[in-house]
Amino acid sequence: MEERLRENLRNLTSNPVQWDCPLAPFTTFGVGGPAEAIITVESSVELSSLLKFFAANDLQWRLIGKGSNLLVSDEGFAGVVLVFGKALSGITHLERAVSGEICLRVGAGCSLARLLSWCMDRGYAGLEFAAGIPGSFGGAVVMNAGAWRGEVADVISSLNTLSLSSGEEILSRRELDFRYRLWHNQGAGNARRLVLSGDICLQQGEKEAIQSKCRKYLQQRKEKQPKGHKNAGSFFKNPAGDSAGRLIEASGLKGKSCGGAMVSPVHANFLVNTGMATANDVQQLMQIVIEKVKEDSGVKLLPEVHFL
Ligand SMILES: Cc1cc2nc3c(=O)[nH]c(=O)nc-3n(C[C@H](O)[C@H](O)[C@H](O)COP(=O)(O)OP(=O)(O)OC[C@H]3O[C@@H](n4cnc5c(N)ncnc54)[C@H](O)[C@@H]3O)c2cc1C
C-alpha cells in the first residue's frame with residue numbers, strides 16, 4: 001500500500017494500525033503469513049468509513065473473529081484484516097423481555113466463552129451447547145456454530161448488520177436463513193453483511209443445572225477431541241446422514257501426516273498442527289483426505305474451515 005494510503009488509513013482509525021502483522025497468532029491453527037495491516041475497530045461508524053475507503057481505493061479487506069475456524073495461507077493476506085474491539089463486544093439486557101424470556105444484545109466481538117459464563121452466572125439457560133466452542137459471537141453467527149443438537153440459530157431473534165451497499169440493517173429472525181454451519185444470506189461483494197451485534201432470547205433457569213450441563217459437555221469434548229495441538233475444530237462439514245470423522249477413519253487416515261500437519265489420531269475430523277505446520281501442509285493434507293474419502297466412499301467432503 002502506498003504511503004499516502006497508509007497515512008489516510010491511520011486517520012480513519014481510533015486504534016493504531018498494526019502494519020505487516022503475522023496472522024498466525026490471530027488463529028487457533030497458528031499457521032499463516034502476515035496481513036498488510038490489522039485494525040481493531042471500535043464502532044459501526046468507523047467500520048462504515050473503512051469499508052468506503054477500501055472500496056474507493058480498491059483495497060482487499062476481511063473481518064475476522066477469534067480465528068478459530070480460519071486457515072490463513074502462508075503468503076498471508078495482501079490487504080487489511082479487521083477485528084472488533086471492546087466497544088463492539090458488550091452484552092446488555094434488552095427491556096422488551098416477555099413471558100419469562102431473557103433478551104440480550106451481544107456485540108459481535110464478544111467471545112462465546114465470556115457470553116456463556118456471563119449467562120451462567122445469572123442462571124440464563126439456552127446457550128449450554130456452546131460450552132467449549134471457541135470464537136466470537138459474530139463468528140458463531142456466520143458459522144451457525146453448534147453442538148449437541150443446539151446451534152446459534154436457536155437463540156437468535158435478530159441481527160444488526162452492516163454492508164457497504166445497504167449500510168446498517170436490522171434483520172429479524174424470519175429474514176435470516178440459517179443452515180448447517182452456515183448463515184446463508186450473508187451476501188457477497190459490496191452487499192456482504194457484517195454482523196455488528198445480535199439479539200438473543202434465553203430462559204431463566206437454575207444456575208446449578210446449567211453449570212452441570214456445561215461441565216458434562218466439556219468433559220465429553222475432553223474425551224473425544226485432541227489435546228495439546230493447535231487446530232480449528234472439525235475441519236470438514238458432516239455430510240448428510242453421516243459423519244466426516246467416521247468416513248476419514250474408515251479410509252485409514254487417522255495419524256496421516258503431511259509435513260507438520262496430521263489427521264488427529266484421537267478424532268479423524270481434526271487436522272492438527274503438530275508444531276511446525278505450514279498452511280501448505282494443512283492444505284495438502286486436506287486434499288489427500290478429500291481424494292481418499294471420495295475414492296473409498298464416493299462422498300466429497302467439504303471444508304467447514306474458512307480460508308484467508
Ligand atoms: C477446539 C475447537 C473446537 C470447536 N468446536 C466447535 C463446535 O463444537 N461447533 C462449531 O460449530 N464450531 C466449533 N469450532 C469452530 C469455531 O470455533 C466456530 O466456527 C466459531 O464460531 C468461529 O468463530 P470465530 O470468531 O473464531 O470466527 P473466525 O474463524 O474468525 O471467522 C469465521 C468466518 O466468519 C467471518 N466472520 C467473523 N466474524 C464476523 C462478523 N462479525 N461478521 C461477518 N463475518 C464474520 C470470518 O471472515 C470467517 O469467514 C471449534 C474450533 C476449535 C478450535
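Where a number appears in this text, it was derived from the coordinates with a stated rule and is not lab data. The model shown is predicted, which means the values in this text are computed figures rather than measured ones. A quick note on method: Cβ atoms are made from the backbone with ideal geometry, for glycine too, and the neighbour counts reach across all protein chains shown.
Net charge dipole, the range 3-85: roughly 200 debye, given to the nearest 20, about the Cα centre with Cβ charges of +1 for Lys and Arg and -1 for Asp and Glu. Evaluating 6.51 cos²θ - 1.76 cosθ + 1.60 at θ = phi - 60° for every residue in the range 213-229, the Karplus couplings come out as 5, 5, 4, 4, 5, 5, 4, 5, 4, 4, 6, 9, 10, x, 10, x, 10 Hz, glycine and proline recorded as x. Could you work out the local net charge near I200, counting Lys and Arg as +1, Asp and Glu as -1, over the other residues with Cβ closer than 11 Å to its Cβ? My count for the surroundings of I200 gives -1.
Amide H to amide H, with H built 1.01 Å from N, F77 comes under 5 Å of A35, E36, counting only residues 5 or more places away or on other chains. For the range 67-157, applying the loop criterion from DSSP together with a ceiling of 15 other beta carbons within 10 Å to the trypsin sites (Lys or Arg not before Pro) yields R96, R149.
Taking θ as phi - 60° and the Karplus parameters 6.51, -1.76 and 1.60, the scalar couplings of the range 46-55 work out to 4, 4, 4, 4, 5, 4, 5, 5, 4, 5 Hz in sequence order, x denoting glycine and proline. Our summary of shape: the Cα atoms of the range 89-224 have principal axis extents of 46, 37, 24 Å, ordered from largest down, in whole angstrom. Summing charges over neighbours of E175, with a neighbour being any other residue whose Cβ is under 12 Å away from its Cβ, gives +1 when K and R count +1 and D and E count -1. Computed from point charges on the beta carbon alone (+1 for Lys and Arg, -1 for Asp and Glu), the dipole magnitude for the chain about its Cα centre is near 820 Debye. For K230, the lysines whose Cα falls under 27 Å of its own Cα, not counting residues fewer than eight places away in the same chain, are K66, K86, K213, K216, K222, K254, K256, K292, K294, K300. Couplings for the range 170-182, taken from phi via the Karplus curve 6.51 cos²θ - 1.76 cosθ + 1.60 with θ = phi - 60°, read 9, 10, 7, 3, 4, 8, 9, 9, 8, 10, 5, 6, 7 Hz in order; Gly and Pro are left as x. Charge tally for G90 (other residues, Cβ to Cβ under 11 Å; Lys, Arg +1; Asp, Glu -1): +3. Reducing the range 59-93 and the range 3-28 to their Cα centroids gives an inter-centroid distance of 12 Å. Per-residue ellipticity at 222 nm, computed for the chain from helices alone with -39500 (n - 2.57) per DSSP H run of at least four residues, works out to -8500 deg cm²/dmol. Please identify every one of the trypsin sites (Lys or Arg not before Pro) in the range 233-308 that sits in a loop by DSSP and has no more than 13 other beta carbons within 10 Å of its own beta carbon. For trypsin sites (Lys or Arg not before Pro) across the range 233-308 that sit outside H, G, I, E and B with at most 13 neighbouring Cβ atoms in 10 Å, the list reads K300.
Of interest is the spacing of the C-alpha centroids, which for the range 249-279 and the range 188-224 amounts to 27 Å.
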